[in-house]
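Worksheet: the structure to be examined is printed underneath.
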Amino acid sequence: MAPSALLRSIVVLATCLAVAAAPDVAGAQSEGSVDCVAPAGDPEPGTSEWDARDQNNVYCAKQRHADQTQHPVSPLPDSTEMFGIAPMSLTDAYRVPSRHDDKRFRFDEVTITNTGGVPLAAELYRPCAPGTCPEMPEGLRTFRPKYPAVVVFHGGGSRKELHWWSSQTLAEAGYMAVAFNGAADDRVNAEDVLDWLFATPRKKTTAGEFNPHWRELDRGRVGVAGHSRGGQMASVLGQEDRRVRAIVSWDRGTSLPLPEELRTPTLFFVGDYECQENPVCEPEPYSEPPTGEGPGERGKEYDIVRKARVEGMKIALRASTHLDWTLSEPAGNRYAETVSVYYTLSWFDRYLKGIGRRRVAKKAFRRLVAKTFDAYADRHNISQGLYDPALAAQSPGDPYAGNVPYTIAGLAVADRYSFYFPSKCFIRAPGRKGKRFVSNDMRHKGCRPRQRRP
């Protein structure tokens, strides 16, 4: 698990990291020697081919923060005033909520007071409803309430702004989303925010507060998601609190075990590289093939859920580090965010929005088992991608022009999976007689219907 001082270390070191990475990436691009999209192959350990693939994977884990140095809005110029942090790209400059409020989603800043009387700064996102958001971009749509909801927990030393990518895309896809600043492993905070989401004027929290949009909440379709320590909290609280119906855990920590009783469908993400003794998550080559379910014993929780016969999936992302789920300067994988959005939305569509709605559940299920990505996640991606000076020239004076977000539509799903650690599934197709889909090696075999023994 990443140390609690992770982001403080980033503030000191990330600028040097990004600048140092840029020449290497630019050189490799000019040589055309590394293809981070194509199949990685399966060379034998101990061969020069295996070593070359390993080195290429390290390169692929740095592309995004090297691209970042080309963008005029990176670092975020007003981040000190906005968030009290150094003026660096510790948040995604292209996703500042005020730029998209009443266009892509509806946004409120709220305060949630926990049972200890401590105010927690929070963000509440809602979908655009019919008759709202007159400047909605093409490709997005409005949703009528009531809305399913997801509470997002950040990691240790992190903050809610680093999860704009998830909170905002959830709202664009039809969910009410709540993200807050508070100790990621504080059970009281997690429960208090969940209580606030359900609170009404007649049934307020212990602090006398309630969700101002409680009428729009679909109380039977609520999930939780989290990163690192927040992923731990999400995967534990989501199993124990009966109000929670689905969980997504982005590279969870390992210090908080799952409860004995498991019941809630859970999607786990795992990165290729650990940060335990590497506070800026600099990807380091492997001297030999790593073993286990993920770096630093991550990923084993999927097998615990699977053994309990609870539906689950584990996505081990190729060339990703622990910080690829927090859009900060060292987030170096070009495709990690969009792939995570694709699976996160599909999982919640299958197990939240799809409850009692077979058509929704079937579409989501097809995405979860697909061999090729469609454009479902791409339409929600407005984050930093490549920078196109010619495109920027078409809008002179606009520092946000010129951004070309990364896309995954048409890419092979298997090529986004780690070749070090297994991606797995244990899920059922919607419907009473839905087939069970099982795999312990999705990269090579996909997520396929279980074969009956003769």
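The values are calculated or read from the model by the stated rules, or taken from the named source; none is laboratory data. Nothing here was measured: the structure is a model prediction, and the numbers come from that model. Using ideal geometry, Cβ is built from the backbone for each residue, glycine included, and neighbour counts are taken over all protein chains shown.
Scanning region 150-167 for residues that are over 11 Å from the mean Cα position of the chain (by Cα), under 15 Å from Asp108 (Cα atoms) and modelled with pLDDT of 95 or more yields a count of 1. Listed by position, the strands (runs of 3 or more DSSP E) inside region 190-292 whose residues that are more than 22 Å from Val118 (Cα to Cα) and of a type in the set (Phe, Trp, Tyr) number at least 1 are 244-250, 266-270.
Of everything in region 313-347 that is part of a loop (DSSP other than H, G, I, E, B) and either of a type in the set (Asp, Glu) or within 20 Å of Phe153 (Cβ to Cβ) (or both), the residue that is nearest to the chain's Cα centre (by Cα) is Thr326. What about Asn189, is it at pLDDT below 95, touching a Gly at 6+ places or on another chain (Cβ under 6 Å) and surrounded by fewer than 23 Cβ atoms within 10 Å (Cβ to Cβ)? Answer is yes for this residue.
A search for C-beta distances below 6 Å between a residue of region 224-245 that is touching a residue at least 40 places away in the same chain (Cβ under 8 Å) and any residue that is part of a helix (DSSP H, G or I) and hydrophobic (A, V, I, L, M, F, W, C), counting only pairs 6+ apart in sequence or on different chains, returns Val224/Ala234; Ala225/Ala234; Gly226/Met233; Gly226/Ala234; His227/Trp325; Met233/Ala190; Leu237/Ala190; Arg245/Leu352. Residue count for region 117-172, restricted to those that are under 16 Å from Leu345 (Cβ atoms) and among the small types (Gly, Ala, Ser): 5.
Here Arg379, Arg350, Arg416, Arg443 are screened, and the one residue that is over 22 Å from Tyr335 (Cα atoms), crowded, with 17+ Cβ neighbours inside 10 Å, within 21 Å of the chain's Cα centre (by Cα) and basic (Lys, Arg) is Arg350.
When you scan region 319-333, do you find a residue that is farther than 30 Å from Val73 by Cα, hydrophobic (A, V, I, L, M, F, W, C) and surrounded by 18 or more Cβ atoms within 10 Å (Cβ to Cβ), even just one? No, region 319-333 contains no residue that is farther than 30 Å from Val73 by Cα, hydrophobic (A, V, I, L, M, F, W, C) and surrounded by 18 or more Cβ atoms within 10 Å (Cβ to Cβ). Within region 353-372, being part of a helix (DSSP H, G or I), within 24 Å of Ser418 (Cα to Cα), without any contact (Cβ under 8 Å) to a residue 60 or more places away in the chain and more than 18 Å from the chain's Cα centre (by Cα) holds for one residue alone: Arg366.
Listed here are the residues, each with its yes/no results for (1) modelled with pLDDT of 95 or more; (2) aromatic (Phe, Trp, Tyr).
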| position | (1), (2) |
| --- | --- |
| Asp415 | yes, no |
| Phe419 | yes, yes |
| Cys425 | yes, no |
| Pro430 | yes, no |
| Pro454 | no, no |
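Out of contact with any helix residue (DSSP H, G or I) (no Cβ under 6 Å at 6 or more places or on another chain) and either aliphatic (A, V, I, L, M) or at positive phi (or both), is that true of Val152?
Answer is no for this residue.
For region 192-207, filtering for residues that are of a type outside the set (S, T, N, Q), in contact (Cβ under 8 Å) with a residue 60 or more places away in the chain and surrounded by fewer than 22 Cβ atoms within 10 Å (Cβ to Cβ) leaves 1. Among the residues of region 113-132, those identified as in a loop (DSSP other than H, G, I, E, B) and either among the β-branched types (Val, Ile, Thr) or surrounded by fewer than 21 Cβ atoms within 10 Å (Cβ to Cβ) (or both) are Thr115, Gly116, Gly117, Val118, Ala129, Pro130, Gly131, Thr132.
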